[in-house]
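To start, the structure under review is shown below, and the notes come after it.
The values are calculated or read from the model by the stated rules, or taken from the named source; none is laboratory data. Since this is a predicted model, take the numbers as computed values, not measurements. All Cβ positions, glycine included, derive from the backbone under ideal geometry; neighbour counts span all protein chains shown.
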Amino acid sequence: MDYKDLANVIYPDVKPIEYYEEKYRVRELPQGAEVTRFAPSPTGFVHIGGLYQCIIDRALAKQTGGVFILRIEDTDQKRKIENGVEQIINALAKFDFIPDEGMISEKEEKGEYGPYKQSERKDIYHSYAKYLIEQGKAYPCFATPEEIEEIRKKQEAAGLRTGFYGVWAKYRNLPVDEAINRIKNGESFVIRLRSNGREDRKIKVKDSVRGHIEFPENDQDAVLIKADGLPVYHFAHVVDDHLMKTTIVVRGEEWISSTPLHVELFNAFGFKVPKYAQVPNILKEEDGKKRKISKRKDPEAAVDYYHEEGIPSDAVCEYLMNIINSSFEGWRRANPDKDISEFKLELSKMGVSGAVFDMVKLLDVSKNVIAKYSAKEVYDFVNAWAKEYDKELFEMLKDEEYALKVFGIERENSKKPRKDLAKWSDVKNSIIYMYERPKEYDFDKIPLTDAKKVIEEYLNIYDYNDDKQVWFNKIKDVAEKLGYAREVKEYKQNPEKWPGHVGDISTVIRVALTGRRNTPDMYEIMQVLGKEEVENRLRKIM
Ligand code: GLU
């Protein structure tokens with residue numbers, strides 16, 4: 001009896017790996033093309049750190065003429081939720097992340113390197129595990145939970161590293177006959193790597209973000225296939241990324257410490273090791289301390305949060321790109337109108353310590369992004385957002401023609417488009433006065449009787465058809481007539497000479513029209529409100 005017999009007893013009916021090696025051919029792609037993949041578990045939840053990885057995956061694939069894959073890692077049955085895949089796909093689609101290959105709905109996929117859901121790749125994993133067993137590079141381990149516990153206790157008592165390695169790997173040298181007997185008797189087992197590594201030897205692994213990292217070799221007989229027949233992450237990673245021809249594995253930095261094991265596995269098969277880009281976590285600062293942004297504690301850890309708040313996807317991606325590459329900010333300043341996909345991302349320019357998530361900065365980026373949208377784009381985004389999250393606003397926007405005029409204020413034809421909107425959930429408050437008359441007025445230092453005089457004078461000369469120049473001159477005329485300074489400059493030279501200046505007069509008109517002291521351009525507002533509405537609003541305070 002030899003390893004081949006053992007392998008046949010464990011996996012009697014699987015195809016040889018040559019079948020798969022033949023089936024999944026080298027991809028025909030331009031030289032230097034990167035094949036990347038985003039590989040979440042189907043928890044239905046996309047973490048901001050996942051989106052961050054996706055941005056890198058997609059950018060690398062796009063800028064090299066490569067492929068971006070969505071693979072679902074569902075071997076941990078406990079983490080699965082109903083429609084978890086669909087939810088991930090939808091969350092990504094909101095950010096315009098449409099994978100070139102991989103899962104496209106709960107059950108459907110596209111591409112020739114699938115299945116793209118790990119639970120459907122069981123046969124493939126078994127073939128590759130069988131191959132390692134045949135080669136003597138993997139073996140069945142029958143350790144019971146009690147035995148594992150006992151080994152751990154002994155190691156701890158002796159102050160040693162825990163785990164299955166060297167003499168502690170209890171079933172590593174079990175004679176093949178005995179192993180076969182145990183299997184035939186129905187004993188439960190896992191498949192472990194028979195590691196060749198030595199802790200006192202070093203290996204260097206290249207990480208595209210951090211450069212070379214030196215590690216002790218892996219010497220653990222790590223579990224590859226669990227007792228339920230499903231692979232652990234390490235094994236699935238190696239098999240899948242080999243067969244899918246991934247050229248660069250973009251993943252979280254929590255995997256760095258496992259790379260020696262992964263390298264050993266690639267080598268055990270004689271496969272080429274892909275490049276690794278193990279990206280830093282996104283952190284949150286709290287009470288002066290930095291910690292990993294957390295799904296449990298921080299609502300902004302979930303990408304759905306941005307959608308619910310109405311922060312445009314473009315803004316979130318721009319902001320994350322800022323964190324990913326420090327050179328992005330300068331590029332954006334030099335190329336304000338280019339699409340983000342034209343920016344060339346370089347992993348070597350990525351920070352290695354985790355970036356602190358800064359909501360203020362994100363909202364700032366968002367204001368700039370929204371400032372570049374046309375009125376129609378703003379309308380479409382707000383309308384879609386309101387439909388889902390704010391019925392009242394949705395109703396308000398029913399008159400599209402009027403809404404377009406409202407969103408057009410200080411926008412398309414303006415040299416300096418307004419930058420007061422950071423998220424769609426701000427919109428209602430920022431435009432409500434274009435839909436509702438003010439309920440109260442605060443003229444601040446100007447007594448109501450004076451305010452009424454201003455309005456009375458203004459109503460006498462207001463003409464909807466005036467151009468902006470004439471319109472402004474008329475406000476100055478009112479100022480002069482009521483004894484206010486016609487020009488602000490004039491007032492500043494001699495403040496005691498006047499009760500106020502033209503700015504105070506326009507504030508009175510602004511407050512009477514909108515109930516607010518600060519608004520975008522008042523001329524434009526009045527043009528949009530229309531003659532009748534302007535006159536009605538002004539008359540109301542008389
Ligand atoms: N399913 C793994 C995770 O969510 C994927 C890691 C990887 O990209 O290889 O962390």
What helices (runs of 4 or more DSSP H) completely inside region 342-429 contain at least 3 residues that are of a type in the set (Asp, Glu)?
375-389
Counting only helices (runs of 4 or more DSSP H) wholly inside region 1-91, the ones holding at least 2 residues that are small (Gly, Ala, Ser) and within 16 Å of the ligand (Cβ to nearest atom) are 48-64
Residues of region 125-175 being touching a helix residue (DSSP H, G or I) at 6+ places or on another chain (Cβ under 8 Å), among the basic types (Lys, Arg) and surrounded by 15 or more Cβ atoms within 10 Å (Cβ to Cβ), in sequence order, are LYS130, LYS137, LYS170
Residues satisfying the stated conditions in region 252-285, i.e. within 11 Å of the ligand (Cβ to nearest atom), in contact with a helix residue (DSSP H, G or I) (Cβ under 7 Å, 6 or more places away or on another chain) and more than 17 Å from LYS137 (Cα to Cα):
GLY252, SER258, PRO274, TYR276, ALA277, GLN278, VAL279
Within region 441-481, take every residue that is in a loop (DSSP other than H, G, I, E, B) and at pLDDT below 95 and give me the one that is surrounded by the most Cβ atoms within 10 Å (Cβ to Cβ).
ILE446
Test: residue in region 205-218 that is more than 30 Å from GLY114 (Cβ to Cβ), modelled with pLDDT of 95 or more and either within 13 Å of the ligand (Cβ to nearest atom) or not in a strand (DSSP E or B) (or both)
yes
Restricting to region 484-532, count the residues that are surrounded by fewer than 19 Cβ atoms within 10 Å (Cβ to Cβ), in a loop (DSSP other than H, G, I, E, B) and touching a residue at least 12 places away in the same chain (Cβ under 8 Å).
9
Scan of region 63-84 for residues that are modelled with pLDDT of 95 or more and farther than 26 Å from GLU318 by Cβ, ordered by number:
ARG71, ILE72, GLU73
Any residue that is in contact with a Ser or Thr (Cβ under 7 Å, 6 or more places away or on another chain) and either polar (S, T, N, Q) or on the phi > 0 side of the Ramachandran plot (or both) - is there at least one of those in region 160-175?
no
Within region 72-84, is even one residue crowded, with 17+ Cβ neighbours inside 10 Å and among the polar types (S, T, N, Q)?
yes
Of all residues in region 234-251 being within 13 Å of the ligand (Cβ to nearest atom) and out of contact with any helix residue (DSSP H, G or I) (no Cβ under 8 Å at 6 or more places or on another chain), the one that is farthest from ALA33 (Cα to Cα):
ASP241
Just checking, does region 306-313 include any residue being hydroxyl-bearing (Ser, Thr, Tyr), under 27 Å from LYS62 (Cα atoms) and part of a loop (DSSP other than H, G, I, E, B)?
no
Quick test for you: out of GLU318, GLU309, pick the one residue that is within 14 Å of the chain's Cα centre (by Cα) and of a type in the set (D, E, K, R).
GLU318
